[in-house]
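Accompanying notes for the structure given below.
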Amino acid sequence: MTPQRRDELTREAQATLRANDRGGYTVPTAGLYPFQWDWDAAVTALGWITFDEPRAWEEFRWLLKGQWTDGPQDGFIAHIVFHERSESYFPGPEEWGTPKTDPATSSISQPPLHATMLRWMWQRARDKALAAERLREIVPAIARHHAWWYRTRDPQATGLVMTIHPWETGRDNAPSWDEALARVPRATRPYRRRDLDHVDARQRPTQDFYDRVVYLMDFNRAVNFDPVAIAREGPFRVIDAAIVFILHRATTDLLALADELSIAIDAEPLRAAHARTAAAWPSLWSRAQGLFANLDLVSGALIDQPVNGGFLAWYAGVEAPAQANTLAAWLEEAPYGVPSTRVGAKTFDAQRYWRGPVWQHMNLLIETGLRECGETALAERVRASSLALFERSGFHEYYDPLTGAGLGGTTFSWTAASWLWLQG
Ligand code: GLC
């Protein structure tokens, strides 16, 4: 890439974040996603820290306005925080019907990247005084969020937290959820999707998928958001390896940050949960795929779908030499990697969301993990793929792994932020 193209992309990426800034939080992209999303916010803050440090910390302060602070869900951070009204998205706050208002939120969470992103931001921040001041406020709240995950999503202390909605995994329509979701009844009440007002239906989840995820949303409300009922009777309960790895890595970073900055948190239960997870993840290994896979808690079966979540093992610090061979094979098959579903799999669809397309923030996490575990050659290949996509197509929501064409939403915040962070 020429230095001119690089500068141009950096200018565009900064302009994208500025344009999507709503005065303290960043929308993923205008229209399609008009609120603040949980894991998007964490990645987006990485972009802000490269050129506007005070603004980067604000992203977390705004996200935490949506944190639930009492009752059995204490510590919960929602996947969407509805700071303002908007008619361009379904399902809005009244659909979720949660007791939390001002701001209202959804009733499910998302992959807990926060502590890791915060630690990276701390390491990169120039204004250490401001960073320390913000972290003193933010870290205890994130510690309560980790306690929420371990307490409500792993009530039997197995070491593997469960996930109760495909949207909670952040990888909404990944083929891993097909079978588990097929057992969930379809919602019968009327509702109107808004996503198809913005994006071609071939690049979005199907109607059948929407009917069932709406049912799951309504289920949470019907049991009054009681985490015990959800964990015991929820019609969709899976172990998502990606969430297990992300939470594990984040707990490592949370404990390290609290230690380094002498921030008081309730660390002992977190250390115990962390140790349990490290003992439990071998059960997620899929010999068929040569990859860490997901588990269906309702049927008890390993979900043998070749999806990219398992490649976050390195990010969690798991040595996975057999998986390195698998990733190398995947990268051979896709001119632009890492596809969200393996090219050639029966469920692969080059354009449909999490069933094939490449997502840049996933590449960033996978690459970082590989590098930290000494898999430098593979890390370089993933980076080269990411850079080729940025160069060719700019800041889309996701990309076709076969052609490199940009798909989904445009001027996308976490994609722009991933570019800024990669530039160092
Ligand atoms: C989609 C993605 C999810 C993301 C959200 C906002 O729902 O699947 O991961 O957080 O959009 O960008």
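Bear in mind that the values in this text are calculations on the coordinates, not laboratory data. Small disclaimer: the values here were computed from a predicted structure and weren't measured. Positions of Cβ are backbone-derived with ideal geometry, glycine not excepted, and every protein chain shown enters the neighbour counts.
Here are the numbers for the structure shown:
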read-out: Distance between modelled label sites at Ser283 and Ala201, nm, 7 Å Cα→Cβ extension; value: 4.2 nm
read-out: Net charge dipole size for segment 1-64 [Lys, Arg +1 and Asp, Glu -1 on Cβ; Debye, nearest 20]; value: 120 debye
read-out: Reachable lysines, given that their alpha-carbon falls under 25 Å from the alpha-carbon of Lys65 and they are not under 8 places away in the same chain; value: Lys100, Lys128
read-out: Surrounding net charge for Leu327, when Lys and Arg each add one and Asp and Glu each subtract one, Cβ distance under 12 Å; value: -2
read-out: Over the chain, relative contact order from alpha-carbon pairs under 8 Å, at least 6 apart, %; value: 19 percent
read-out: Segment 314-402: relative contact order in percent, alpha carbon pairs under 8 Å with at least 6 residues between; value: 35 percent
read-out: Signed unit charges on C-beta, dipole axis of the chain, positive-most listed residue Gly47, His396, Ala301; value: Ala301
read-out: Top of Asp400, Asp38, Asp127 by mean-square fluctuation, Gaussian network on the chain, Cα under 10 Å; value: Asp127
read-out: Trypsin sites (Lys or Arg not before Pro) within segment 207-242: DSSP coil, no more than 11 neighbouring Cβ in 10 Å; value: none
read-out: Separation of alpha-carbon centers, segment 228-262 and segment 333-359, rounded to whole Å; value: 26 Å
read-out: 14 Å beta-carbon shell around Trp281, net charge (K/R +1, D/E -1); value: -1
read-out: Aspartates and glutamates whose Cα lies under 13 Å from that of Lys346, excluding same-chain neighbours fewer than 8 positions away; value: Asp178, Asp304
read-out: Residue order, fewest to most beta carbons within 10 Å, for Val343, Val382; value: Val343, Val382
read-out: Within segment 26-57, backbone nitrogen closer than 16 Å to the virtual label 7 Å beyond the Cα of Arg124 toward Cβ; value: 40-57
read-out: DSSP-loop trypsin sites (Lys or Arg not before Pro) across segment 112-203, with at most 10 other Cβ within 10 angstrom; value: Arg126, Arg192
read-out: Shape call, segment 80-173: gyration tensor on alpha carbons, a/c limit 1.5; value: oblate
read-out: Theoretical gain in end-to-end length, Glu391 to Arg232 [0.36 nm per residue, Cα-Cα removed]; value: 52.5 nm
read-out: Whether the chain is rounded, prolate or oblate, judged on the alpha carbon gyration tensor where a/c under 1.5 counts as rounded; value: rounded
read-out: Likely footprinting exposure, Met1, Met217, fewest C-beta neighbours within 10 Å first; value: Met1, Met217
read-out: Residue range of the chain that is longest and free of GluC sites (Glu not before Pro) which are both DSSP loop and sparsely packed (at most 14 other C-beta within 10 Å); value: 88-318
read-out: Net +/- balance of residues flanking Trp68 in space, Cβ distance below 9 Å, scoring K and R +1, D and E -1; value: -1
read-out: Gain on full stretching of the segment that runs from Glu84 to Glu8 - 0.36 nm per residue minus C-alpha separation; value: 24.2 nm
read-out: Positive-pole candidate from Pro155, Ala275, Asn20, dipole of the chain, charges at beta carbon; value: Pro155
read-out: Convex hull of segment 269-357 built on C-alpha atoms - directionally averaged projected area, nm²; value: 6.9 nm²
read-out: Loop trypsin sites (Lys or Arg not before Pro), segment 27-85, which have at most 13 other Cβ atoms in a 10 Å radius of their Cβ (DSSP); value: Arg85
read-out: Given 15 as the ceiling on other Cβ atoms within 10 Å, longest exposed-site-free region of the chain for chymotrypsin sites (Phe, Trp or Tyr not before Pro) in DSSP loops; value: 192-424
read-out: Per-residue [θ]222 nm for the chain (sum of -39500 (n - 2.57) over DSSP H runs n ≥ 4, rounded to 500); value: -15000 deg cm²/dmol
read-out: Hydrodynamic radius of segment 325-424 per Kirkwood, over alpha carbon pairs, in Å; value: 13.2 Å
read-out: For segment 395-419 and segment 170-211, distance of Cα centres in Å; value: 21 Å
